[in-house]
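In what follows, a single structure is set out as structure tokens and then discussed.
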Amino acid sequence: MSLRAVRQLHRMRTFYAAAVLLWAASAAWVGWEHPGSRQMWVSALFMLVFMGLLAVTSLWLHRLQGTGADKPAHHAAPRGTPARRHVNA
């Protein structure tokens, strides 16, 4: 996977973490005001969905970082001086 994709996964992980916090706060607030209401359960459901997305993204990033995907690939030959070759006559 490319470096660009890894960076995008980092951004999505941050977004999912913020969404989990937002929906957890919403569920707590609505649960305090109206315990057992439909809004509370919807907030809790969204929190669980984003928590699952956060877990999958974190697991994927953990596996990619173990393979060294964040390091740039070197496709070209090294720029050392070329070895002298003897020409047979």
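For residue 54, are the conditions met, namely being within 30 Å of the chain's Cα centre (by Cα), at pLDDT below 90, in a helix (DSSP H, G or I) and within 25 Å of residue 5 (Cα to Cα)?
Working: within 30 Å of the chain's Cα centre (by Cα): yes; at pLDDT below 90: no; in a helix (DSSP H, G or I): yes; within 25 Å of residue 5 (Cα to Cα): yes.
So residue 54 does not fit the description; no.
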As an exercise: evaluate residue 61 against (1) free of Cβ contacts under 8 Å to residues at least 40 places away in the same chain; (2) aliphatic (A, V, I, L, M); (3) touching a helix residue (DSSP H, G or I) at 6+ places or on another chain (Cβ under 9 Å) and give the number of the one condition it does not meet. (1)
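Would you check if residue 37 is more than 32 Å from the chain's Cα centre (by Cα), at pLDDT below 95 and either surrounded by 12 or more Cβ atoms within 10 Å (Cβ to Cβ) or among the charged types (D, E, K, R) (or both)?
On the way: more than 32 Å from the chain's Cα centre (by Cα): yes; at pLDDT below 95: yes; either surrounded by 12 or more Cβ atoms within 10 Å (Cβ to Cβ) or among the charged types (D, E, K, R) (or both): yes.
So residue 37 passes the test.
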Identify, from the list 6, 30, 49, the residue that is part of a helix (DSSP H, G or I), in contact (Cβ under 8 Å) with a residue 60 or more places away in the chain and surrounded by 12 or more Cβ atoms within 10 Å (Cβ to Cβ). 6
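The values are calculated or read from the model by the stated rules, or taken from the named source; none is laboratory data. Keep in mind that what you see is a predicted model, and the values were worked out from it rather than measured. All Cβ positions, glycine included, derive from the backbone under ideal geometry; neighbour counts span all protein chains shown.
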